[in-house]
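Structure first, commentary second.
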Amino acid sequence: MALEGAGWADFVAGEDERAYATFEEYMRLQRATGDIHRIHRAMVGVGQLAVALDRVDVARSCAAEILAYCKMHPNTRSEHLAFHYMADCALIEHNFVESLKVYRESLRLALILDDHVEIGFEVQGVAMSLAGLGEARVAVLLVGGIAADWRRVGANVSVRFWSALLDRHIGSARAQLGDEAERIWMEGYQLSLNDVIQLATSHQVRARDFL
């Protein structure tokens, strides 16, 4: 079990290759025990690091196993993470229609958990998907709104691969907006969390040719 803590510590520190190797060893040891619950915990870690390293086939396989486990042993947080991993894979592959749909499902589960950090990640995922679909203004509004919520709850979250995705997709959206980007971000910063969630879950993409 110490390997699990070490793996997550390396992930938070941005040492993704080392974290992945640690979780693989953790998985090997847990499979040897035959304990399905511990195997599941290891699967969650392997899946997260597979996403961080763009190993989408591994990540999707892990997500499928996590969801299969959750059918027999209901676990909202794990189910939420599995959908998040699948959405990340779609985003990495620039399948923005799919990532938007799956981030919204993961957001639904994060709201059940009432976890502001996870809610924030899902809204950011929705924002990046919308940015990829040409909805730059809404994307920047959403990330502004989540920045405000994280400040309200005292969250200070930085994950290497996620920050890179935000820089790529939200950076592109801001570039499209030009001089208006900062004003729109501040407009989002003034929104309540309920308004941010409503926008993230209900905004319809105007460019129907994407769908």
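Per-structure values
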read-out	value
Every residue from segment 182-211 that is modelled with pLDDT of 90 or more, open to solvent by less than 100 Å² (accessible area, probe 1.4 Å) and out of contact with any helix residue (DSSP H, G or I) (no Cβ under 9 Å at 6 or more places or on another chain)	SER202
Among (1) among the small types (Gly, Ala, Ser); (2) at positive phi; (3) not in a helix (DSSP H, G or I) - the single one GLY178 does not satisfy	(3)
Residues of segment 124-141 that turn out to be open to solvent by 10 Å² or more (accessible area, probe 1.4 Å) and either touching a Lys or Arg at 6+ places or on another chain (Cβ under 7 Å) or assigned to a loop (DSSP other than H, G, I, E, B) (or both), as a count	1
Failed item in (1) surrounded by 19 or more Cβ atoms within 10 Å (Cβ to Cβ); (2) over 15 Å from the mean Cα position of the chain (by Cα); (3) aromatic (Phe, Trp, Tyr), with PHE121 passing the rest	(2)
Answer residue from segment 142-162, given it is in a helix (DSSP H, G or I), open to solvent by 10 Å² or more (accessible area, probe 1.4 Å) and of a type in the set (A, V, I, L, M) and is farthest from ASP115 (Cα to Cα) among those	VAL143
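The values are calculated or read from the model by the stated rules, or taken from the named source; none is laboratory data. Since the structure is predicted, the reported quantities are computational estimates derived from the model, not experimental observations. With ideal geometry, Cβ positions are generated from the backbone for all residues, glycine too; neighbour counts draw on all protein chains shown. Surface areas here come from the heavy atoms of the whole protein model, side chains and all, with no ligands, DNA or RNA. Shrake-Rupley method; radii C 1.70, N 1.55, O 1.52, S 1.80 Å.
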